[in-house]
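Below is a structure I'd like to ask you about.
The values are calculated or read from the model by the stated rules, or taken from the named source; none is laboratory data. Because the structure is a prediction, the values reported are computed rather than measured. Quick reminder, even Gly has a Cβ in these numbers, built from the backbone with ideal geometry, and neighbours come from all protein chains shown. To get the accessible areas, we keep the full protein, side chains included, count just its heavy atoms, and leave off ligands, DNA and RNA. Shrake-Rupley method; radii C 1.70, N 1.55, O 1.52, S 1.80 Å.
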Amino acid sequence: MRGDLVGSMVEVDDVAVAFRDGRSTTTVLDGLSLHVERDEVVCLLGPSGCGKSTLLRCLAGLRAPDRGEVRLRGEPVRGVPDGLGVVFQDYGRSLLPWSTVARNVEFGLAADLDRSTRRARTEEALEAVGLADAAGRRPGQLSGGMQQRVAIARALARRPDLLLMDEPFASVDALTRADLEDLLVRVRREYAMTVVLVTHDIDESIYLADRVVVLSPRPAAVVADLAVGLPRERDQIATRESEVFVHLRAQAAELLRSGLSRSGAHHGHPGVGERGERGPVVGVGDDPGDGVQREHLER
Amino acid sequence: MSRAVLRGLVGVGVFLAIGEVVGRIGLVPPELLPPTSAVLAGLVEIAGDPAFRADVVATVLAWLIGLGVAVGIAVPAGVLLGSVPGIRAGTRALVEFLRPIPSVALIPLAVVLIGQGPASKIALAVYAAVWPILFNTVHAVTEVDPLLRETAAAFRVGRRRTLARIVLPSMAPFVLTGVRLAAAVALILIVSTELLVGGGRGIGEYIAQSGTGGGRTDLVLAAAIVAGLVGLAANAALTAVGRRWLSWSPESAAAS
């Protein structure tokens, strides 16, 4: 399935985005570059409001960057590309409240599919997220976690090779969240997808990802690119207790904090040297990081 | 719920009792304001009168036609105004000028232009009913959740399917509210025109004839009550439509 296709799934090349509101301009992304390989799960980890959701919208073709280029399977993204599934954070607003669960899932399918295929895909996707019994209900009758499952099923029904998720589990309670994370780990295997997930939760990013890309505050720049050396099989308790996980969490936290202090207040942060992890942390930064750092200092 | 109904009934009962007492103790001459019992007797009388029943049919028919035409005009126009900001800006001054004119003031003009037949009262009802539907529709279009539109875009859902599956359903509760407001206004216009113009059939015409000459105020009030009941029934029917089909919407839940 892979192998025969060469090149990255996603390439983001020097992308800049600015929002204009009247006279003021907010630069959200300023020359950001990254790549995602086929079959990878990459989490974009950054503080709230850093522009990571905007980046995801650029990947989805919902917004064209002001500068630079996004390529999907080597092709420049112009409008929403094929083979994409998108899950938004706000499931309550992203589902159609007047349609049943099944109709919501079916809504995401291409219009030219015949009726029996649509039904089969819908049933299969609902089965995959454990909602086969809720097909006839309306979103308003479901819990938040179940609603987000519907949104995930809607994306899966398209059988995407790239799944984009914008803080998908940020609005549900902790237990539901763990459930949904495991659901994602499982369906990602079943559906053989590349996944790009935006989050501000360090633990979640490490738990889900093969690679965590740490972003700085606005304008978002890549602070570090952490390979998660964990086996693909994950477990809510064992994985989170593993040495690799704990180490990565500390590392990611340091990086997030250094990104924050770099762009905001110029105070040194206590405790950096204490853990003795400073060496590897600094070494992890991708080479674009240097240029980014300088830009931040100039601000 | 039943408590609320009970209180409502008590309110109506007290009101009727006051009406009865005011008439009986001679506070107001009973031939000017008949007591409740006389009005209720009048209701029974006109209910058995085939001429009055024909009047009710004429009023309801004109009203339904007027409301239907108003929906047919105002909903598409509202969608257009709501989706094209240029047209909305261009028509705003005109709309703001026309809207506050009391439609009743246009009755003589309508009679001169259209004549004394039922077309006049229907045209006036249409004119009055268009506004609330139009405003609610324009509002409804602008209220469609941008995230839903973005969802449609992200799933590459075409324009027509987006309209059918997202825009129209999310507009429905607002439009229904507009129709409920319009129904009340249209009924007022129909009955007023019948009352003032005369020469046709309708509840208003019946009221006008009962009021002149002999001055059967009991029948005037009884017929007015029938007109009120027609409006009440329409509102209940439209609310039921909302409950049945738009139960997902917080608006429809609030409107009940």
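Report the convex hull volume per residue for the protein assembly as shown, counting only C-alpha atoms, in Å³.
Normalising the Cα hull of the protein assembly as shown by residue number yields 233 Å³.
Relative contact order of the range A:89-159: what whole-number percent is it, with Cα pairs under 8 angstrom and at least 6 residues apart?
50 percent
If you count, for every residue in A:81-93, the Cβ atoms of partner chains within 10 Å of its Cβ, what is the mean?
2
Beyond 18 Å, what share of the Cα-Cα pairs of the range A:89-159 is found? Please give it as a whole percent.
Above the 18 Å cut-off, the range A:89-159 has 26 percent of its Cα pairs.
Still on this structure, I have one more. Where the centroid of each part is defined by its Cα atoms, how far is the range A:22-61 from the range B:131-155 in Å?
Here the two parts' Cα centres lie 28 Å apart.
Take the range A:127-262, drop everything but the C-alpha atoms, weight them equally and run the Debye formula without solvent; then report log10 I(q)/I(0) at 0.21, 0.22 Å⁻¹ to two decimals.
Ignoring solvent entirely, the Cα scatterers give -1.33, -1.40.
Tell me which residues come under 5 Å, amide H to amide H, from A:Asp30 once H is placed; ignore anything under 5 positions away on its chain.
A:Val17, A:Ala220
Would you pull out the residues with amide H under 5 Å of A:Leu197's amide H, same chain only if 5 or more places away, H placed 1.01 Å from N?
A:Val42, A:Cys43, A:Leu44, A:Met165
Also, quick follow-up: Let me know the shape class of the range B:1-49, please: from the alpha-carbon gyration tensor, a ≥ b ≥ c as square roots of the eigenvalues, rounded when a/c is under 1.5, otherwise prolate if a/b is greater than b/c, or oblate.
oblate
Would you work out the charge dipole size for chain B about its Cα centre, treating the Cβ of every Lys and Arg as +1 and the Cβ of every Asp and Glu as -1, and quote it to the nearest 20 debye?
1120 debye
Something else about it: Report, in whole Å, the centroid distance computed from the Cα atoms of the range A:175-216 and the range B:224-242.
55 Å
For the range B:136-151, just list the computed ³J(HN,Hα) in residue order, Karplus coefficients 6.51, -1.76 and 1.60, θ = phi - 60°, integers in Hz, with x standing in for Gly and Pro.
For the range B:136-151, the Karplus curve yields 5, 5, 4, 4, 4, 5, 6, 8, 4, 4, x, 5, 5, 5, 5, 4 Hz.
Where the Cα atoms of the range B:34-255 are projected onto their three principal axes, how long is each span, largest first, in whole Å?
71, 38, 24
Further question on the same structure: In the range A:152-178, which residues give up 10 Å² or more of accessible area once the other protein chains are added, compared with their chain alone (1.4 Å probe)?
The answer is A:Arg154, A:Arg158 - residues whose exposure falls by at least 10 Å² when every protein chain is included.
With a 1.4 Å probe on protein heavy atoms only, tell me which residues of the range B:131-163 lose at least 20 Å² of accessible surface in the complex relative to the chain by itself.
Relative to the lone chain, where solvent access is computed with a 1.4 Å probe, the range B:131-163 loses at least 20 Å² at B:Asp145, B:Leu147, B:Leu148, B:Glu150, B:Thr151, B:Ala153, B:Ala154, B:Phe155, B:Arg156, B:Val157, B:Arg161.
Can you pull the one-decimal nm distance between simple spin-label points at B:Leu163 and A:Arg67, each 7 Å off the Cα toward Cβ?
4.1 nm
Report the accessible surface area buried between chains A and B, summing both sides, using a 1.4 Å probe on protein heavy atoms only, in Å² rounded to the nearest 100.
2100 Å²
Enter the accessible area per residue of the range B:34-255 (Å², integer; probe 1.4 Å; all protein chains in place).
Heavy-atom SASA per residue in the range B:34-255 reads 47 Å².
Let me ask you something else. Could you tell me the center-to-center distance, by alpha carbons, between the range A:92-126 and the range A:128-171 in angstrom?
11 Å
Okay, moving on. Based on DSSP H runs of at least 4 residues, each adding -39500 (n - 2.57), what is the mean residue ellipticity at 222 nm of the protein assembly as shown after dividing by all its residues, to the nearest 500 deg cm²/dmol?
Using -39500 (n - 2.57) per qualifying helix, the result is -18500 deg cm²/dmol.
Related question: Taking the Cβ of B:Leu196 as the centre, find all other residues whose Cβ is under 11 Å away and add up their charges (Lys, Arg: +1; Asp, Glu: -1).
Residues close to B:Leu196 contribute a combined charge of -1.
Could I ask something else about it? Relative contact order for the range B:34-255 using alpha-carbon pairs under 8 Å, separation at least 6, rounded to a whole percent?
It rounds to 28 percent for the range B:34-255.
How big is the charge dipole of the range B:1-81 about its Cα centre, in debye rounded to the nearest 20, if each Lys and Arg gets +1 on its Cβ and each Asp and Glu gets -1 on its Cβ?
So the dipole magnitude of the range B:1-81 works out to roughly 380 debye.
Which ³J(HN,Hα) values, rounded to whole Hz and listed in residue order, are derived for the range B:198-205 from phi using the Karplus coefficients 6.51, -1.76 and 1.60 in 6.51 cos²θ - 1.76 cosθ + 1.60 with θ = phi - 60°, glycine and proline given as x?
x, x, x, 10, x, 4, x, 4
Let me ask you something else. Percent of accessible area on the range A:89-159 owned by carbon and sulfur, 1.4 Å probe?
Answer for the range A:89-159 is 44 percent, counting heavy atoms of protein chains only.
Here's another thing I want to ask about it. Apply the Karplus parameterisation 6.51 cos²θ - 1.76 cosθ + 1.60, with θ equal to phi minus 60°, to every residue of the range B:177-193 and state each ³J(HN,Hα) to the nearest whole Hz, in sequence, with x for glycine and proline.
4, x, 5, 5, 5, 5, 4, 5, 5, 4, 5, 4, 5, 4, 5, 4, 5
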